[in-house]
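Contents: one structure, followed by commentary.
The values are calculated or read from the model by the stated rules, or taken from the named source; none is laboratory data. If you're wondering where the values come from, they're calculated on a predicted model, not measured in any experiment. Here the Cβ positions follow ideal geometry from the backbone for every residue, glycine too, while neighbour counts run over all protein chains shown.
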Amino acid sequence: MSDKTDHPPLPEAFAALGVRNSVLKGLAEAQYNTPSEIQALLIPRALAGVDILGQARTGTGKTAAFGIPILCKVERGLSTQALILVPTRELCMQVEEEIQRLAKHTPLRVTAVYGGQKIVAQMKHLQHGPEILVGTPGRVIDLLDRRIIDFHNIRFVVLDEVDRMLDIGFRDDIRNILSRVRGVRRVTNEELGMRPTADESPNDSSSETPASASPDAQSDLQAGAGAAKQRGHQTMFVSATISEEIDRLARKFMREPIEKLIAPGADEKPTVEKVEQYYCSVQPWDKYRCLRALLKQEQPELAIIFCRTKHGAEKLAHKLTTDGIECREIHGNLAQNKREKVMKSFKSGKFDVLVATDLASRGIDVADITHIINYDIPDDPEAYVHRVGRTARMGKKGKAFTFVTKEQGDELTKVENLINMLVPQATIEGFEARPTPSDWTESRPVFGDRQAVPAADPQAPVETPVPQLPVIPARPRTLGSKTPLTRRHKRRR
């Protein structure tokens, strides 16, 4: 759109929060008309310069909530002013894509860095000095250690999915990164020689407090902006679930004033209200039959089936494909280019069913996912919240089904306590539970319709197995060269 008159109307509701005109254009093209609850809470306080703990239900626009203030306040031409840390590669690409979309009419550059890609390829993008960096902790530490990036200009630090980022697996990496950010002094506009701001025109009227804001809001924004220049970088930590322990840990990396902003209902019922949630009581040997009956009954447009393990996801995807259901799997064992290809195909609708581990519970933002099926109920009830949050995003409807065996009643109770509701039992047409198979054993579960290997007779004498040495394939004989002996002899002759 070359002509300004071709742009859709700028969203006045976002303008009233203090958002710049260039960002408003991106919001209008992305069809952001009215801010969600978390966006209405977080954006003005972030623009005021305070550190923020934000909690909101999944699918309510948390990425835009912290991305919009960053786009409004970073300055053109200074590299790595904003650092956004995320737990997975998929979420890293998703956040970069969303911020790129909102920054379309600004001169700001956004780059994603994550593992699984050659670091040389990412270095080419970093040579241009992007103002906003989205990354996974491991790759960010690698780039810091190589002195490819630095935090001299850092102004904003965001932890997306902070509950995951501060758990045991990531905690040391986060402490490593944030310890390098601490104490960085904010550079003032005077010291920068009044550099032009992020917009094309330094006289953009949207950089000022909107006239519609109250006098108190205007003075608050101006005072907050002045305080931000004096006290160093600003932090924003967001997630759908923030426990007391995560709250306490997060505050150790933040500076006063700290505000905890909770979207209405997020702490009482973290799952989206428009998700219809059910559980299916099923025995382990009947799970695959139950899944087939459920897929036949629901006919989902787009569905994600979550498994507990990588191996389980592989086996289930293979079984579904064998039975004529077009699907793919995604998990940590897949190469990064394969994962990206699977996600691109899923978003474009080339197949309808994605079998995934919890790798995808925080890294998929596909607006049209209609069904979530927890083939394995997660051990952590918070993982349930993030799984279910893949559907009913941004006001749409969705359904979630969870398979629960007789022994997993406690796991379901933990989920119900967390989401503050009773999950009703689903009725699946055409599915009838079978009695326990005669050859069923707990140690050798049935997968799908395949029966387990019969258990050994407990009265039979136990034979001591003879240990078998592993067979090591013979390596080709060479004479200090990769060329086999036979070919070397021919060459001599």
Practice task
Counting only residues that are among the charged types (D, E, K, R), give me the helices (runs of 4 or more DSSP H) lying completely in segment 6-57 with at least 2 of them.
Solution key: 21-29, 37-47
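Name every residue in segment 21-40 that is within 14 Å of LEU261 (Cα to Cα), among the aliphatic types (A, V, I, L, M) and surrounded by fewer than 22 Cβ atoms within 10 Å (Cβ to Cβ), in order of residue number.
Result: ALA40, single match.
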Completion exercise
Of the conditions (1) over 26 Å from THR60 (Cβ atoms); (2) outside any helix (DSSP H, G or I), the single one that ILE305 does not satisfy is (1)
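Are any of the residues in segment 47-54 under 30 Å from VAL342 (Cα atoms) and touching a helix residue (DSSP H, G or I) at 6+ places or on another chain (Cβ under 7 Å)?
No.
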Problem - Yes/no for GLY116 being small (Gly, Ala, Ser), within 19 Å of the chain's Cα centre (by Cα) and not assigned by TED's automatic domain parsing to the domain that holds ARG387 - result: yes
Fill in the blank from the handout: Across segment 311-347, the tally of residues that are in contact with a helix residue (DSSP H, G or I) (Cβ under 6 Å, 6 or more places away or on another chain) and in a loop (DSSP other than H, G, I, E, B) stands at 3
Exercise for the section: Check segment 81-104 and report whether any residue there is in contact with an Asp or Glu (Cβ under 6 Å, 6 or more places away or on another chain), over 22 Å from HIS331 (Cβ atoms) and among the aliphatic types (A, V, I, L, M). Expected result: no
Problem - Evaluation of VAL162 against (1) surrounded by 13 or more Cβ atoms within 10 Å (Cβ to Cβ); (2) within 21 Å of the chain's Cα centre (by Cα); (3) at pLDDT below 90 (one fails), failing number - result: (3)
Problem - Whichever residue in segment 48-63 is of a type in the set (A, V, I, L, M, F, W, C) and buried (at least 24 other Cβ atoms within 10 Å of the Cβ) and, among such residues, is farthest from PHE156 (Cα to Cα) - result: ALA56
Problem - Complete set of residues in segment 105-152 that are within 21 Å of PHE237 (Cβ to Cβ) and polar (S, T, N, Q) - result: THR136
